[in-house]
Amino acid sequence: MSDQSQAQYHHLIDDQCQLIPGLTNFIRQSGLGQSHNSYNIVSIIGSQNSGKSTLLNRVFGTNFEMLTGSSRTQTTKGIWVSRDKEQNILILDVEGSNSRQRGKGEKGSEFYERSTALFALAFSQILIINCNSLNLGHESEYSIIKIIMEMNIRLFRSDQVKQMLIIIRDFNDEVDNFKEVTDSIRNEIYGIWGEIQKPPEFVNVQPEQIFKIDFFTSSHFQYQRQKFESDMVQLRDRFINPGNPYNLFKGYNYNTNIPVEALEDLATTLWDTIQKNEDLNLPNQKLQASQVRCLKIKDQAIDLINKDLSKLKQDAESNYLADFNERAQNIVTRSFHHYDTESQYYVEKIKLEMRKVLNDELKTALYPIFNQQITSLQQNIKKELKTNLDALDYRNTSFIKYMDDLNFIKQQTKQVIFQGLYQSLPFNEYKVDWEITKIENQLAKVLEEIINNAREIQFVKFINSQEKTIKNSIDSLISNCFDTLDLEFWVTMRQGFNTILKENETRIRDQISQFFDHNRVDKEINNILSQSHQFLYDDIQKKVRELPYYLLKRFKRTFLKDERGLTRKWKELEEPFIQQLFLEQRKSIEDILQEFTRFKVSPPQSHQTNARMNDMFSSVIVGKAQMNDEVRQARQSLDFSNEDFSVLLDTTQINKIKQQFLDESEEEYNQVLRQRNTSFNANVPKWMWFVLVFFMYDDVFRWMANPLLLYPILLLGSFIGLCIATGYQQIPKVLFQQIFGQLTSLLGPLLLKIK
Ligand SMILES: Nc1nc2c(ncn2[C@@H]2O[C@H](COP(=O)(O)OP(=O)(O)OP(=O)(O)O)[C@@H](O)[C@H]2O)c(=O)[nH]1
């Protein structure tokens with residue numbers, strides 16, 4: 001049969017006991033690939049040259065090679081598979097028994113015959129035992145039946161009653177009685193059943209519980225050829241016609257069939273088991289084959305999407321994929337679709353188990369990509385946040401607007417995280433295993449940290465700028481107080497300082513309390529307060545170093561100028577008055593100096609939230625006899641103990657400053673006296689004027705040539721002339737006196753020094 005076409009036959013087991021791969025291929029090529037589990041398998045065993053192939057070709061339309069001529073050599077070697085010409089029936093032609101061509105020995109004729117027969121029995125639904133009426137009762141005919149019965153119960157746990165069809169060839173119904181013959185064979189077989197060694201659970205089992213035996217007789221092939229052919233037609237009808245009362249497949253449960261594409265796996269498993277002579281449980285073998293097949297389908301389902309999976313992975317490595325879940329879903333759905341379609345006819349339990357494996361594998365394959373997605377998402381969020389925060393910084397908006405915008409960015413980013421996570425989740429059922437909630441919390445935490453950081457930076461900036469504003473206000477307050485030194489110095493400063501604090505505190509509190517809790521707000525306000533007190537303290541310390549300058553300045557202001565701020569006209573004042581003025585002003589400065597002995601600048605004792613602004617600043621002057629009422633009251637109500645006060649200037653410093661002031665004021669006083677007693681004009685000798693005029697006159701004419709000088713002089717002359725003509729000569733006179741007086745007071749001393 002070696003030259004038989006591959007499309008019509010498949011050599012399943014060769015004469016070397018090897019199972020040849022390719023059954024699935026043959027099934028597909030022969031058109032049985034889509035039959036799923038609605039198929040039948042029929043095998044035939046029997047003596048060599050007993051007409052098996054002849055029968056199969058007649059009944060199933062196969063084309064097995066038959067022996068022609070008189071040579072009685074073997075044609076079928078091993079097991080060949082073909083199919084019915086119309087029906088989904090696989091046909092197995094098994095090498096004839098009593099093969100003289102096969103040698104003896106361990107793997108010789110006997111072993112081979114038993115193995116192939118047992119395989120045929122296990123693999124098929126109907127096992128045809130081909131017998132010749134002439135050989136009936138012959139030991140060799142029954143020996144194979146005995147063997148397969150014995151092996152079957154020993155090795156297999158079948159899932160169905162095994163069906164055997166004994167065909168008696170060359171049956172002459174004119175001579176032989178069908179009933180007698182078949183009863184005798186049946187008895188013979190039951191006799192065999194009694195003889196064989198059975199496992200304990202089979203001892204009381206009747207053979208018909210395990211084997212269903214049918215009979216069919218065919219007429220003599222040579223002498224009753226026509227009848228033989230009609231017998232063959234009848235036999236075919238029993239196979240293919242469900243309406244035939246003798247239909248051989250009647251009642252067969254196709255659900256016990258594994259899908260046709262798993263038959264090769266089943267055949268392999270069965271043949272291996274038989275070869276090893278191991279215990280063999282047919283339902284389990286079918287499950288095993290199902291398992292093998294489902295595993296293969298599962299692998300195919302993975303292979304099918306592997307390329308897309310790699311592409312997805314590659315894409316996810318370079319960027320965050322917004323369509324990740326869609327693509328992942330598509331991959332998983334396609335894979336499952338393939339698996340579900342291909343595995344639909346397999347045992348439910350195995351199918352579902354393997355589906356779960358597929359699901360796990362897909363999930364495992366997608367997980368690193370998902371992780372990559374999350375990493376990219378996190379990076380993107382950080383990048384996006386940075387851009388947004390930079391833009392926000394760049395806009396340099398107000399604190400409130402910044403905080404509002406920051407909050408907006410936070411809410412927006414939360415949304416991005418939420419969306420990003422669910423875009424990265426192919427199926428909701430992965431949510432728990434992939435710890436989405438945990439990741440969401442982690443990302444929210446990262447976001448919170450970044451936002452808080454930005455908030456803190458902005459807050460510190462805001463507080464710094466506010467402190468700077470306060471510091472500037474304090475600086476100018478102190479400059480003012482020092483510029484206008486008087487006995488109300490500390491009161492003015494305290495009131496000014498309180499006002500600054502009050503205004504700033506209200507404004508700052510209003511702004512920050514919208515974004516920070518009470519405790520934080522109070523803490524920051526207290527910091528600002530103590531910082532402000534420190535500014536004040538430092539500023540006072542700094543200014544006090546320049547106290548001699550301010551004292552002298554203050555002295556000059558009140559001594560050299562009158563109440564209206566005009567320079568005193570010393571020539572018009574009497575010397576005793578000037579001396580009196582000088583002594584008074586000096587005394588008042590000495591009094592002011594006493595205000596700078598000790599001081600206290602500190603926030604209120606209690607940093608409680610409800611501390612009022614009025615109580616927050618306190619300063620007091622100690623050692624001042626002329627302390628006014630307000631200061632005294634403040635001192636009493638605040639009840640400062642002496643240790644609370646810092647020494648501003650100790651006695652030595654006070655004395656030193658006082659001395660310096662006395663010297664400088666004395667100098668001012670003397671200068672005033674000199675000015676009063678000196679006449680600028682009188683000191684210039686008369687001849688000097690002549691000399692001056694002599695050297696100047698030609699220059700004066702030259703200047704007159706310049707219109708820039710000539711015209712102003714003409715205008716001035718016209719103005720004076722007009723005033724005199726109209727009787728208002730007082731106007732130019734007063735103006736002249738004023739200007740000349742000013743110039744004299746400025747230039748006079750200079751000219752005197754030069755002189
Ligand atoms: N007497 C008799 N001879 C038959 C019958 N059917 C076929 N033959 C003849 O028996 C010989 C062997 O036929 P095959 O069909 O090749 O027998 P086989 O059992 O397939 O042979 P192997 O495959 O070699 O075991 C041929 O010469 C056939 O003409 C039959 O029903 N009765």
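The values are calculated or read from the model by the stated rules, or taken from the named source; none is laboratory data. Keep in mind that this is a model prediction, so the values were computed, not measured. Every residue, glycine among them, receives a Cβ derived from its backbone with ideal geometry; neighbour counts consider all protein chains shown. Heads up: the accessible areas ignore ligands, DNA and RNA and are worked out on the full protein's heavy atoms, side chains in. Shrake-Rupley method; radii C 1.70, N 1.55, O 1.52, S 1.80 Å.
Here PHE399 fits the description: of a type in the set (Phe, Trp, Tyr), in contact with a helix residue (DSSP H, G or I) (Cβ under 8 Å, 6 or more places away or on another chain) and surrounded by 17 or more Cβ atoms within 10 Å (Cβ to Cβ). Within the bounds of region 446-456, is there any residue that is in contact with a Lys or Arg (Cβ under 6 Å, 6 or more places away or on another chain), touching a residue at least 40 places away in the same chain (Cβ under 8 Å) and not assigned by TED's automatic domain parsing to the domain that holds ILE508? Yes, because at least one residue in region 446-456 is in contact with a Lys or Arg (Cβ under 6 Å, 6 or more places away or on another chain), touching a residue at least 40 places away in the same chain (Cβ under 8 Å) and not assigned by TED's automatic domain parsing to the domain that holds ILE508. Taking ALA454 as the residue in question, decide whether it is crowded, with 19+ Cβ neighbours inside 10 Å and under 29 Å from ILE409 (Cβ atoms). When the stated conditions are applied, ALA454 passes them.
Open to solvent by less than 80 Å² (accessible area, probe 1.4 Å) and not in a loop (DSSP other than H, G, I, E, B): is that true of PHE336 in this structure?
Numbers: open to solvent by less than 80 Å² (accessible area, probe 1.4 Å): yes; not in a loop (DSSP other than H, G, I, E, B): yes.
Yes: the conditions hold for PHE336.
Taken as a whole, the condition of being under 30 Å from GLU261 (Cα atoms) and modelled with pLDDT under 90 does not apply to GLU429. Every condition in (1) more than 20 Å from ASP483 (Cα to Cα); (2) surrounded by fewer than 17 Cβ atoms within 10 Å (Cβ to Cβ) holds for GLU563 except the one numbered (1). Within region 214-235, residues that are under 21 Å from GLN163 (Cβ atoms) and not assigned by TED's automatic domain parsing to the domain that holds LEU55 have Cβ atoms under 8 Å from residues that are open to solvent by 30 Å² or more (accessible area, probe 1.4 Å) and outside any loop (DSSP other than H, G, I, E, B) in no pair, counting only partners at least 6 apart in sequence or on another chain. Listed by first and then second residue, the pairs with beta-carbon distance under 7 Å, at least 6 apart or on different chains, first residue in region 404-415 and more than 10 Å from ASN388 (Cα to Cα), second open to solvent by 90 Å² or more (accessible area, probe 1.4 Å) and of a type in the set (D, E, K, R), form an empty list. Within region 497-520, track down each residue that is open to solvent by less than 60 Å² (accessible area, probe 1.4 Å) and among the charged types (D, E, K, R). Once the filter is applied, which keeps residues that are open to solvent by less than 60 Å² (accessible area, probe 1.4 Å) and among the charged types (D, E, K, R), region 497-520 yields GLU505, ARG520. I'm checking my understanding of the structure. Among residues of region 92-129 that are polar (S, T, N, Q) and modelled with pLDDT under 70, which one is farthest from the ligand (Cβ to nearest atom)? Taking the candidates together, the pick is SER109.
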